[in-house]
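One structure is given below, encoded as structure tokens.
FYI, it's all coordinate maths here, none of it is from the lab. Being a predicted model, the structure only gives us computed values, none of them experimental. Cβ sites come from the backbone with ideal geometry, for glycine too, and all protein chains shown count toward neighbours.
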Amino acid sequence: MAIGKLPRVRLGEFPTPMQPLENLSRVLGGPRLFIKRDDLSGLGLGGNKLRKLEFALADARAQGATALLTVGGVQSNHTRLTIAAGNRLGLKTFLLLRGEKPDRASGNLLIDEILGAEEIRFVPGLVQVTREKVSPAIEEAVGAWLEELRGKGERPYYIPNGCAPLHGAIGYAGCVLEMVEQLRDADCTADAVVAACGTSSTQTGLIVGAALFAHGELNVHGISVAGSAADLVHRITGQLRDAWKALDLPSPPPEDRIIVHDAFVGEGYGLPTEGMREAVRLVARAEGIVLDPVYTGKAMAGLIDLIRTGRFRSDAVVVFLHTGGAPGLFAKEHEGTFSSQS
């Protein structure tokens with residue numbers, strides 16, 4: 001099935017901009033760098049989840065949903081954008097957040113409240129490690145809440161953390177098509193794209209798009225922000241298999257096409273590293289572009305290291321995917337992360 005024929009609701013402003021990073025490239029001594037600005041996708045302060053939500057909410061509409069229920073961390077970018085998307089379509093949104101309820105809302109949680117989530121509940125004692133480690137407790141809480149909502153006459157639609165993998169794969173395959181067309185206008189083609197890898201469906205979609213629209217010649221480098229490379233490769237392999245089946249395509253790319261780097265996680269998800277601090281400051285001061293401390297900061301730290309260690313030729317063309325998340329800079333957890341003036 002052609003991706004263009006799949007049901008979709010328009011939520012974001014696409015294509016998002018593609019901008020050269022000439023100053024950063026010069027500072028690092030090459031390669032030729034571009035940034036794909038999915039932080040400027042238009043709704044709810046932007047971010048990569050909008051591409052996925054366009055397909056998720058088309059499915060919700062088809063099922064006659066009156067409400068959305070989704071899960072995430074206290075500082076989830078996904079939940080912020082789900083509320084915004086639900087508002088656009090006139091749907092109530094209910095949030096189940098992993099972790100303790102803070103004394104004062106900040107960062108993404110503050111925006112969740114401004115956007116007007118119908119109700120926010122917290123599941124204390126759970127932190128985001130991997131989807132697998134928290135899913136039993138979350139699934140139990142989700143199941144109970146779905147029944148509660150049905151009992152109140154709602155027709156709830158459940159969106160898992162980060163959206164269903166297939167919706168992510170489809171959304172980000174289309175992103176690669178945008179990249180190819182935008183780089184053609186710059187008289188070049190990309191050798192690689194680098195992106196943060198969390199729940200992994202963004203990387204899955206980029207690999208699907210590389211196969212469909214870049215003749216398989218675009219290498220996709222995922223920079224893990226949480227899990228191990230081995231676990232993520234295993235997860236992406238399954239997601240690719242499902243995507244190929246859903247799209248009725250021949251056999252998916254071999255596992256050796258899945259490239260994940262896990263040396264930049266640091267002590268854990270959402271916890272700052274020196275590499276992340278350097279990357280956020282460097283991009284801000286060289287290009288005036290703000291990254292976030294959880295996803296794009298660590299992903300850029302990975303890209304910088306790959307360049308410094310000679311992973312890319314000096315004349316290569318590399319695209320960095322900005323997946324959004326800047327509200328995380330204003331979370332209470334990161335009050336001191338960039339307090340130094342150095």
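Nearest 10 degrees is fine. How inclined is helix 77-89 to the longest principal axis of the chain, computing both from alpha carbons?
For 77-89 against the chain, the angle is about 60 degrees.
What base-10 log of the normalised intensity I(q)/I(0) is obtained for the chain from the Debye formula, alpha carbons as equal point scatterers, at q = 0.06 Å⁻¹?
These q points yield log10 I(q)/I(0) values of -0.19.
Rounded to whole Å and ordered largest first, report the semi-axes of the equivalent ellipsoid of region 196-277 derived from its Cα gyration tensor (root of 5λ).
The three semi-axes for region 196-277 are 26, 12, 9 Å.
Applying the Karplus parametrisation 6.51 cos²θ - 1.76 cosθ + 1.60 with θ = phi - 60° to the phi angles of region 304-309, what ³J(HN,Hα) value in whole Hz is obtained for each residue in order, glycine and proline being reported as x?
Using θ = phi - 60°, the values come out as 4, 5, 4, 5, 5, 8 Hz.
Measure nothing but the geometry: give the 0 to 90° angle between the long axis through the Cα atoms of 49-62 and the longest principal axis through the Cα atoms of the chain, rounded to 10°.
In the chain, helix 49-62 runs at an angle near 40 degrees to the longest axis.
Looking at the chain, what % of its DSSP beta bridges pair antiparallel, to the nearest 5?
10 percent
Can you list, largest first and rounded to whole Å, the semi-axes you get for region 153-256 by taking the square root of 5 times each eigenvalue of its Cα gyration tensor?
Three semi-axes, in Å: 24, 17, 14.
Can you give the calculated 222 nm mean residue ellipticity of the chain, where each DSSP H run of n ≥ 4 adds -39,500 (n - 2.57) and the sum is split over every residue, rounded to the nearest 500 deg cm²/dmol?
-13500 deg cm²/dmol
Counting pairs of Cα atoms in region 49-159, how many percent are more than 16 Å apart?
56 percent
Between Ile114 and Glu278, what is 0.36 nm times their sequence separation minus the Cα-Cα distance? Round to one decimal in nm.
55.9 nm
Where does helix 229-246 land angle-wise versus the long Cα axis of the chain, in degrees 0 to 90, nearest 10?
Approximately 70 degrees, to the nearest ten.
For a quick check: with amide H placed at 1.01 Å from N, whose amide H comes under 5 Å from Gly42's, ignoring anything fewer than 5 positions away on the same chain?
Residues meeting the criterion, in which the H sits 1.01 Å from N, are Glu13, Gly47.
Points 7 angstrom from Cα along the Cβ direction at Arg104 and Ser228: gap in nanometres?
Using points 7 Å along Cα→Cβ, the separation is 4.1 nm.
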